[in-house]
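What follows is one structure encoded as structure tokens, with my remarks underneath.
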């Protein structure tokens, strides 16, 4: 699964802000760490603000801070703000009226359901634990440790 740029920026921002929830950070500070455009990141942060995940303060000493619940907010919650994830619906495509096309749609819907379930089970708190443990470890080890196995 490949995420759109705005979605990745949103996840990085939420993780950065949730790691230090009492500290305000500017879009520039976050952008520098992840080598991303501060202007594009500011748009992403405004969207996260409208969704009640971050809070913004203007002026000297202003910035953004995390106001969500890291034990309840999931990757799916963030991703769903920026890109569609769900059953394959909408426009009719060539071949959809064949048995092969219908089979493909069923398989793609199953993949989407699995992705949605997985992303819904991973909280920001879990992601922060994975990030702290990930230095030098395999991803499988890190995920097992974060899940408490």
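Worth a mention:
- Relative contact order of the chain, defined on C-alpha pairs under 8 angstrom at six or more residues apart (%): 24 percent
- Against the chain, whose longest principal axis comes from its Cα atoms, helix 38-50 is set at around 80 degrees.
- Share of pairwise Cα separations in the chain, more than 23 Å, in percent: 46 percent
- Volume in Å³ per residue [convex hull over Cα atoms, computed for region 16-82]: 88 Å³
- Using just its DSSP H runs of length 4 or more, each adding -39500 (n - 2.57), the chain gives a mean residue ellipticity at 222 nm of -18000 deg cm²/dmol after division by all residues.
- Acute angle (nearest 10 degrees) that the helix 5-19 long axis makes with the longest principal axis of the chain, alpha-carbon atoms: 40 degrees
- Between helix 99-121 and the chain: long-axis angle, C-alpha atoms, 0 to 90°, nearest 10: 20 degrees
- Residue with peak Gaussian network fluctuation, the chain [Cα springs, cutoff 10 Å], from 97, 55, 125: 97
- Footprinting exposure proxy for 67, 14, 60, 107 (fewest neighbouring C-beta atoms within 10 Å first): 60, 107, 67, 14
Values in this text are rule-based calculations from the coordinates and carry no lab data. Treat the numbers as computed from the prediction; the structure is a model and nothing was measured. Positions of Cβ are generated from backbone atoms using ideal geometry, with glycine treated the same way; all protein chains shown enter the neighbour counts.
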